[in-house]
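Visitor: Before I ask anything, here is the structure I am working with.
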Number of protein chains: 6
Amino acid sequence: MRLLIVNPNISSGVTDLIEAEARRVARADTEIQMATATIGVAYIETRFEALLGAYAAATIASERVGQYDALMVAAFGDPGLLELREVLDVPVVGMTEAALMTAAQLGQRIGIVAISRRITAWYRECIERYGVLGRLAGIRHLDGPLRDPSTVQDDYAARLVELCHEAVQQDGTDVLILAGAPLAGLARSVAHRLPVPVVDGVSSALAQAEVLTRLRPIRATKGSFAKPPLKPHSGLSGTSLLHLVDGDIRTQQG
Amino acid sequence: MRLLIVNPNISSGVTDLIEAEARRVARADTEIQMATATIGVAYIETRFEALLGAYAAATIASERVGQYDALMVAAFGDPGLLELREVLDVPVVGMTEAALMTAAQLGQRIGIVAISRRITAWYRECIERYGVLGRLAGIRHLDGPLRDPSTVQDDYAARLVELCHEAVQQDGTDVLILAGAPLAGLARSVAHRLPVPVVDGVSSALAQAEVLTRLRPIRATKGSFAKPPLKPHSGLSGTSLLHLVDGDIRTQQG
Amino acid sequence: MRLLIVNPNISSGVTDLIEAEARRVARADTEIQMATATIGVAYIETRFEALLGAYAAATIASERVGQYDALMVAAFGDPGLLELREVLDVPVVGMTEAALMTAAQLGQRIGIVAISRRITAWYRECIERYGVLGRLAGIRHLDGPLRDPSTVQDDYAARLVELCHEAVQQDGTDVLILAGAPLAGLARSVAHRLPVPVVDGVSSALAQAEVLTRLRPIRATKGSFAKPPLKPHSGLSGTSLLHLVDGDIRTQQG
Amino acid sequence: MRLLIVNPNISSGVTDLIEAEARRVARADTEIQMATATIGVAYIETRFEALLGAYAAATIASERVGQYDALMVAAFGDPGLLELREVLDVPVVGMTEAALMTAAQLGQRIGIVAISRRITAWYRECIERYGVLGRLAGIRHLDGPLRDPSTVQDDYAARLVELCHEAVQQDGTDVLILAGAPLAGLARSVAHRLPVPVVDGVSSALAQAEVLTRLRPIRATKGSFAKPPLKPHSGLSGTSLLHLVDGDIRTQQG
Amino acid sequence: MRLLIVNPNISSGVTDLIEAEARRVARADTEIQMATATIGVAYIETRFEALLGAYAAATIASERVGQYDALMVAAFGDPGLLELREVLDVPVVGMTEAALMTAAQLGQRIGIVAISRRITAWYRECIERYGVLGRLAGIRHLDGPLRDPSTVQDDYAARLVELCHEAVQQDGTDVLILAGAPLAGLARSVAHRLPVPVVDGVSSALAQAEVLTRLRPIRATKGSFAKPPLKPHSGLSGTSLLHLVDGDIRTQQG
Amino acid sequence: MRLLIVNPNISSGVTDLIEAEARRVARADTEIQMATATIGVAYIETRFEALLGAYAAATIASERVGQYDALMVAAFGDPGLLELREVLDVPVVGMTEAALMTAAQLGQRIGIVAISRRITAWYRECIERYGVLGRLAGIRHLDGPLRDPSTVQDDYAARLVELCHEAVQQDGTDVLILAGAPLAGLARSVAHRLPVPVVDGVSSALAQAEVLTRLRPIRATKGSFAKPPLKPHSGLSGTSLLHLVDGDIRTQQG
């Protein structure tokens, strides 16, 4: 399987963290390609930033159509995930969705630890969009300005572990998710200090991408994930997004 | 009040329908400006198309920052609504949100009539995002290919009225929304043939924009609609979106 | 538009606060009439008191049938709102409903600040009745005996502002409602000290009444807000409520 | 136990049906008193009619304070139930609440059969108020004008049984409620023709009143069912409702 | 009525507590039989322990088929309740279900006080299974190792009362449940020290069993509580469970 | 990885179907062991049958403790899944849970096709237990007596495909689950005839077991999936279940 991992943020340091974790987990026959957004912000905390990230992810996905067998949107909150699932012919996975579905098989109530206060509203809405808000034990978060997203997990390791313990002790958490691409790989290194299983978004998404690829689900031709009906469009010619919208081109790619 | 109405679709015929309805309802002191997306599709039915529409709406909104006192996203499903509410200094309204909040004051269970089967999943998720799924009586829809979005309401008037009656008779609907910018103004012309109040997205959004402007709510500086924290960005210079992301520029605009 | 504002409590001091706020917001062409309940209690905190208030509001509404184009139930918790919406021929708005629908267009999670602990259960049930409990961030409240409802906002201004800050800081509130007719107008005077938009029940209801009047929705003849089916009645002749129940009289009024 | 059964409708024929069923079920030591509203309508189908019924029930309850050990509100939809539970010193039961809580112990999904289409919205909101909407399999109903509420169960027995079968066959109903005081006693006579247990509102409420009386729960002095805080009132002197509102009188009754 | 009360735990000391409370409440014509599990653990706190308890309860219920007119599962969390309701010909009640349905008629928001932290997750899932999670104000609990379940209520009476007060003061509780068979009877002795009504699982279940027996609901022959369809089975011959599974035997018992 | 697949039903024909599908999907390094219940019924359709199945599964799981690295409960409805997850040291997966979590990554609204009407209530409660009822588009089912569970998918292939199409056309299904171990492998053979992706319980559970094993989550020592606190027990010595309950033995196995 050729897996394209798209970091919808511009931070290449975070891309490195993602790649490192992904390679640790990937099967021998999984070939990983990385891509980093060239348009957008250093890390996504809000709905508007997620819109920028979703657009960037769609652009990258469309540029490389035909070059990958599955795609991972590698930012927590999954910008563009459901949108791309409509138009791509291959499985599309997201860090949040994959982490939630994996965690749900390890415990009933899921606790989330995040890197900022501001980011929590966006996460909450994302979990609600997936219809599993009833499984959420709570979201705990760091509460200060972050210097550099790619060093967050080193800078605040002790505090993050503390938040995990609070989530278990006070929120009734059965299983934890360390949320956000900047925390990629942290679950692995702190697991032994925690009292419940802990799930990482990148490794969950990688493993779930392998599952979906192996099960070879057919592409929807009906329902809300069939390709959008063809219709007049404008302003897309010359852009790669045209591949995802235009029927003639879609047929050639398909 | 200067109200910018953004049609996030490329169909100028639909822009005309929107404008006509908006002008019928607007107060004398409301000055309407229209804008039509130059990038995207003829009408939005899916999540991916909504992403294109949201991006187009954000681009237009950023190009004209400072020229309007309120902004209306004029497509049902409200592409980019919550996202823009984070970054703009003025009230932002959406056709779906405004129609739902208006309808909710006319009856308990809200029925929606839409222009295609495919569009219903996106609407349903939008209603869920606003937390009012429990108020939804049902969504009924036309079920064939549409030739031209700007003539839908003429082409299918009889069938649309029939769907309204079914919604009341079979779904327990107290109040109806005729959904989609292509149906702008239809509520006005068919109301007398219906057994319950019917709400139009454009006129609701216009009236709610006037309400929000009049009540002069302060701009959030905390919570999830405060402006996103400033952070490194890339690929935006030279684009109008920079106004919405960059602190220095924001200050000048603010 | 002739708007009848009914205070379902007996406190004329609160009626004055309501009127002052309403007049500040009303359009030039909105003619305001005030009415105060002659039966009932000084301020409504409980379900039983709300029943007394609803009955008083219905009595006033029936006495003046034909003299107003819209009616506002001016107590938080909206006693009698849905009931009157069934029987009156004109739009009926409530402070809570209007505040919630307005606030919902300014932020996702709504925080409420109230004047007593006891009142919070009734508010919560009211919000649940409107199907928007999922939007509620929390309810915070004063916690002592109130001397006089008409001076609450002066007596406790500092504490009320403090509660607002706590709602934002601890509950994840995006937008605030200062709840209760005794707080009418307070939002206006404290807004500049708050970090998120704040909504007032009276001004919201007034503005929404203007919206509903302008949009001229037809009267329901089916669904659960059509007039109740005619049926034998008793004990109402000689009372104004007869106008709302009896078919012959209804026809003359209609 | 002295049980006061209040029919909040004016139909004495229905009062007779209620009494007959209640006497069939009552323990030897349960002394039944009947009361019929003198103000209101023949049968309650809507929110407004329920307001009239609630007020009538409160008036009767206050007139006889001290003469009963428990009170049953004997109309489906329970007009005034929660309101009276705040102010009376004795257990208060309702037909809908008691039927739901009894039925819930006989099956997971509860189906309701009702006497008119219009009545279903009010029932649904009542079930929602009790927080058990998730247990509702569906509401099926007669769909024509009713001549006389006190003969409905005879006039439409066959159709009502048919509706019960449809509820089981098509809605996944485990247990049925025959809803509405006019159907009091019908469950008993048709049970043998039905494939699932069927619950009657009157006999459920009578039995639950006996339970609550026997368990002798203490009266709440805190929480939302403590008596409303004393406060200025008006227009109640000379009326029996004063007993429920005024502290001095309350103490004497207490 | 012959009522079989099954303690699905092995603790005979707790059986004694249950019996004492049951006898205090039972009508003269209710004949009580007690049974204690011989397989299982001292008290059930978890899902796995509940599985052991459910199996033990089913075994006892099957051994005595024909000897009782109603059955009570006498452990909080109701192990085996819905399962036995499918196969037995008589009403089956549970402590949690009965306590919830009784409490729901005394207040809107129900607070629970439990004997250990670990037990709370199982209770919460049980309440969710009954579809009344929306009525739950909160669960408060002792937080230390318990020496002997049959002396818990004596050992920790003061702390349990304190937890009750916290539930009212901090969670908005209207009515309390003292949860767990080890607390059987405590409600009776501490009620006078509490500010809201308090419900006991054993007495509630006993009273509800009497109600269900008196109302004589028919046995379901359709829906999800009809007897399971007959089908091949294995490993049950020689065990009493065969009575519940095998059609020939069922007929003889029925 | 050594994966123990437990069929909690006694039908060895179904065990064969499960094994065949599992082997088709398993990685080379996954070693599969099969086990079939010796106590219970031919296929589980009800809560009571699920209790028998759960007990049988627990017995098998305890007999082979130490011989497997992951365990699959191979009946739809997942009898004993959460219970075993508390007491085993290895990942435990279930067909329903795994199918739901896999399907959730392929579409928003999940449709289920089942082998009998009776089975649907149990499935619905299972989906509710996992907190994803909001994702359920509907459950459609065969509606006749089944001769042999191991030939259902051959006997009714055409009808099952028809039900799939109805689920997409009428319920708004985005992704399908063919539910029940008797349908193991059917998804693979009919996928090309369906308009949306279709998920199989066995292959989903196998793939998810591989994911959970690979991610090596730590064992919970707190929260509701930590091992149950040690306590007195009885009647288990000499049975394998003792391994799951007794501390001394647990340590030796651990």
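The values are calculated or read from the model by the stated rules, or taken from the named source; none is laboratory data. Please read these numbers as outputs of a predicted model, since none were measured by experiment. Please note: Cβ atoms are built from the backbone with ideal geometry, for glycine as well, and neighbour counts cover all protein chains shown. These area figures cover heavy atoms from the full protein model, side chains too; ligands, DNA and RNA do not enter into them. Shrake-Rupley method; radii C 1.70, N 1.55, O 1.52, S 1.80 Å.
Visitor: If you roll a 1.4 angstrom probe over the protein chains with everything in place, what fraction of the accessible area of chain E belongs to carbon and sulfur, to the nearest %?
Guide: 49
Visitor: Rounded to the nearest 20 Debye, what is the dipole magnitude of the range B:97-200 about its Cα centre when Lys and Arg each give +1 and Asp and Glu each give -1 at the C-beta?
Guide: The dipole magnitude comes to about 100 debye.
Visitor: Shifting gears a bit: Which value does Rg/Rh take for the range A:107-200 over its C-alpha atoms, Rh per Kirkwood?
Guide: Result for the range A:107-200 is an Rg/Rh of 0.94.
Visitor: For the charge dipole of chain F, defined by +1 on Lys and Arg C-beta atoms and -1 on Asp and Glu C-beta atoms about the Cα centroid, which residue among F:GLY201, F:ALA26, F:GLY131 has the Cα displaced farthest towards the positive pole?
Guide: F:GLY131
Visitor: Rounded to the nearest 20 debye, what is the charge dipole size of the range D:130-254 about its Cα centre when +1 sits on each Lys and Arg Cβ and -1 on each Asp and Glu Cβ?
Guide: Computed charge dipole of the range D:130-254: roughly 720 debye.
Visitor: About its Cα centre, what dipole magnitude does chain B give when the only charges are +1 on Lys and Arg Cβ and -1 on Asp and Glu Cβ, stated in debye to the nearest 20?
Guide: 520
Visitor: From the protein chains alone at 1.4 Å, what is the descending order of accessible area for C:HIS141, F:HIS192, A:HIS165, largest first?
Guide: Result of the area sort, largest leading: F:HIS192, A:HIS165, C:HIS141.
Visitor: Percent relative contact order of the range D:169-211, based on C-alpha pairs within less than 8 angstrom and at least six residues apart?
Guide: 43
Visitor: Follow-up. Between beta-carbons, use under 14 Å as the cut-off and find the net charge around E:SER240, counting Lys and Arg +1, Asp and Glu -1.
Guide: Summing Lys and Arg as +1 and Asp and Glu as -1 gives 0.
Visitor: Next question. Using Cα pairs under 8 angstrom and six or more residues apart, how large is the relative contact order of chain E, in percent?
Guide: Value for chain E: 23 percent.
Visitor: Whole number in Å², please: accessible area per residue of chain C, 1.4 Å probe, ligands, DNA and RNA not counted.
Guide: Accessible area per residue: 31 Å².
Visitor: Apply the a/c threshold of 1.5 to the C-alpha gyration tensor of the range D:1-66 and tell me whether it is rounded, prolate or oblate.
Guide: The shape class here is oblate.
Visitor: Could you work out Rg/(2.2 N^0.38 Å) for the range E:73-157, with Rg from alpha carbons only?
Guide: Normalised Cα radius of gyration, the range E:73-157: 1.18.
Visitor: Here is a further query. Angle between the Cα long axis of helix A:157-171 and the longest principal axis of chain A, 0 to 90 degrees, nearest 10?
Guide: Rounded to the nearest ten degrees, it is 80.
Visitor: For the range B:1-132, take every pair of Cα atoms, bin their distances at 5 Å starting from 0, and report each bin as a whole percent.
Guide: With a bin width of 5 Å, the distribution comes to 2, 10, 20, 24, 22, 15, 6, 1.
Visitor: Using the Karplus equation 6.51 cos²θ - 1.76 cosθ + 1.60 (θ = phi - 60°), what ³J(HN,Hα) coupling, rounded to whole Hz, does each residue of the range E:145-155 give in order, writing x for Gly and Pro?
Guide: Coupling constants for the range E:145-155: x, 9, 5, 9, x, 7, 10, 3, 5, 7, 4 Hz.
Visitor: Then there's this: Describe numerically, in nm with one decimal, the distance between label points set 7 Å from Cα along Cα→Cβ at E:GLN33 and at B:ASP143.
Guide: Once both label points are built, they end up 5.8 nm from each other.
Visitor: Let me ask you something else. Can you tell which of E:TYR156, E:VAL190, E:GLY94 lies farthest toward the positive end of the dipole of chain E, using +1 and -1 charges on the Cβ of basic and acidic side chains (Lys, Arg; Asp, Glu)?
Guide: Result: E:GLY94, furthest along the dipole toward the positive end.
Visitor: Check each of the trypsin sites (Lys or Arg not before Pro) in the range C:57-150 and keep only those in coil by DSSP with at most 10 other C-beta atoms within 10 angstrom; list them in order.
Guide: Those that pass, being in a loop and sparsely packed, are C:ARG147.
Visitor: Provide the buried accessible surface between chains F and A in square angstrom, both chains summed, 1.4 Å probe, rounded to the nearest 100.
Guide: The contact between A and F buries close to 4100 Å².
Visitor: Can you give the three extents of the C-alpha atoms in the protein assembly as shown along their principal axes, from longest to shortest, in whole Å?
Guide: Result, largest extent first: 87, 87, 58 Å.
Visitor: Which chain A residue comes nearest the axis with its C-beta when you rotate A onto D, and by how many angstrom?
Guide: Residue and rounded Å distance to the axis: A:GLY134, 6.
Visitor: Residues with beta-carbon under 13 Å from that of F:GLN67, excluding F:GLN67: net charge, scoring Lys, Arg +1 and Asp, Glu -1?
Guide: In short, -2.
Visitor: Would you calculate, for chain E, the mean residue ellipticity at 222 nm contributed by helices, counting each DSSP H stretch of 4 or more residues as -39,500 (n - 2.57) and dividing by all residues, to the nearest 500?
Guide: -12500 deg cm²/dmol
Visitor: Taking each residue in E:242-249, count the Cβ atoms of any other chain within 10 Å of its Cβ, then average. What number comes out?
Guide: Average per residue, whole number: 1.
Visitor: Largest first and to the nearest Å, give the Cα extent of the range D:167-253 along each principal axis.
Guide: 55, 29, 23
Visitor: On to the next question. Compute the label-point distances linking E:ILE249 to its equivalents in the other copies; points lie 7 Å from Cα along Cα→Cβ; give nm, one decimal, shortest first.
Guide: 2.6, 6.6, 7.0, 7.0, 7.9
Visitor: Another question, then. How big is the antiparallel share of DSSP beta bridges in the protein assembly as shown, given as a percent to the nearest 5?
Guide: Counting DSSP beta bridges with both partners in the protein assembly as shown, the antiparallel share is about 5 percent.
Visitor: Once you sort the root eigenvalues of the Cα gyration tensor of chain C as a ≥ b ≥ c, which label holds: rounded (a/c under 1.5), prolate (a/b larger than b/c) or oblate (the other case)?
Guide: Prolate.
Visitor: Any idea what the A:ARG214 label distances to the other copies are, label 7 Å down the Cα→Cβ vector, nm, shortest first?
Guide: The projected label point of A:ARG214 is separated from its counterparts by 0.6, 5.9, 6.1, 6.1, 6.3 nm.
Visitor: Now, a different point. As an exercise, use a Förster radius of 45 Å and the Cβ-Cβ distance of B:SER234 and C:GLN170 to find the FRET efficiency, rounded to the nearest 0.05.
Guide: Working from the Cβ atoms, E equals 0.80.
Visitor: If you don't mind, there's one more thing I want to ask. For the range A:180-197, which residues drop by 40 square angstrom or more in accessible area between the chain on its own and all protein chains together (1.4 Å probe)?
Guide: A:PRO195, A:PRO197
Visitor: Here is a further query. Over the range D:68-183, calculate the relative contact order: mean separation of alpha carbon pairs under 8 Å at least 6 apart, over the residue count, as a percent.
Guide: It rounds to 32 percent for the range D:68-183.
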